[in-house]
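One structure below.
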């Protein structure tokens with residue numbers, strides 16, 4: 001699993017966009033007391049449920065791999081001219 005350029009920033013953006021997505025779906029919202037790992041797991045499971053990303057293999061569902069999946073997802077959603085997509 002090769003990391004993407006700016007992967008940490010892509011995950012942060014995925015959580016921001018994912019929160020808006022979850023809220024618009026009416027399935028919940030992140031709480032201030034939720035840890036970053038809880039947010040990652042919730043958003044990953046929501047996107048898998050909605051079939052927007054493919055699930056990790058059984059037994060491979062750990063936080064770093066979920067973060068990577070979220071980074072890949074948001075990287076595909078961003079327009080080509082977005083600074084995070086170009087790695088600047």
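The values are calculated or read from the model by the stated rules, or taken from the named source; none is laboratory data. On a predicted model such as this, the values are computed, not experimentally measured, just so you know. Because the Cβ atoms are built from the backbone with ideal geometry, glycine has one as well, and the counts that use them run over all protein chains shown.
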- Query: Can you spot a residue in region 77-84 that is outside any loop (DSSP other than H, G, I, E, B) and either touching a strand residue (DSSP E or B) at 6+ places or on another chain (Cβ under 8 Å) or modelled with pLDDT of 90 or more (or both)?
  - Reply: yes
- When the residues of region 1-25 are filtered to those that are in a loop (DSSP other than H, G, I, E, B) and touching a residue at least 12 places away in the same chain (Cβ under 8 Å), which remaining residue is farthest from residue 71 (Cα to Cα)? 1
- Note on the structure: Scanning region 26-57 residue by residue, the ones that are part of a helix (DSSP H, G or I) and either modelled with pLDDT under 90 or within 12 Å of residue 67 (Cα to Cα) (or both) total 10
